[in-house]
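The values are calculated or read from the model by the stated rules, or taken from the named source; none is laboratory data. Predicted model only: the values in this text are computed from it and were never measured. Here Cβ is always computed from backbone atoms with ideal geometry, including for glycine, and neighbour counts include all displayed protein chains. For the accessible areas, the whole protein counts, side chains as well, though only heavy atoms, and no ligand, DNA or RNA atoms are used. Shrake-Rupley method; radii C 1.70, N 1.55, O 1.52, S 1.80 Å.
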Amino acid sequence: MSIYKFVNNFRTILSASITNTQTTITLTSVAGLPAIAAGEKYSLSISDITHIEEVTVTDDAGSPTLTVSRNVDSRGAFAFASVSIVEMRPTST
């Protein structure tokens, strides 16, 4: 069973473009993202002017390069240019 982790209002950008099949993404900053251990994961949204895609981060290795699962919401995996927005937006009350 996986444990999902969350943070409020995280936002950064891709530091390099990605293809629609790529399973690693590199961010300009990971400050504020939760650390994950075996069996833990979190979701991020990647967006540009045309598409939005949810990805699940399965390994962060403490670096800006994250291992992700693509097409997790079955709406498709898309290519994104560098500087596309990456967010985690849940908010607690």
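Quick notes on this structure:
- Residue tally, condition in contact with a Ser or Thr (Cβ under 8 Å, 6 or more places away or on another chain), surrounded by 14 or more Cβ atoms within 10 Å (Cβ to Cβ) and not aliphatic (A, V, I, L, M), over the range 18-27: 2
- Count of residues meeting criterion [touching a residue at least 60 places away in the same chain (Cβ under 8 Å), in a strand (DSSP E or B) and of a type in the set (Val, Ile, Thr)] in the range 9-35: 4
- Of all residues making up the range 36-60, the number that are closer than 11 Å to GLU87 by Cα, open to solvent by 60 Å² or more (accessible area, probe 1.4 Å) and touching a residue at least 12 places away in the same chain (Cβ under 8 Å): 1
- Inside the range 4-13, residues that are surrounded by 14 or more Cβ atoms within 10 Å (Cβ to Cβ) and either in contact with a Phe, Trp or Tyr (Cβ under 6 Å, 6 or more places away or on another chain) or at positive phi (or both) make up a count of 1.
- Identity of the residue in the range 61-93, assigned to a loop (DSSP other than H, G, I, E, B) and polar (S, T, N, Q), that ends up least open to solvent (accessible area, probe 1.4 Å): SER84
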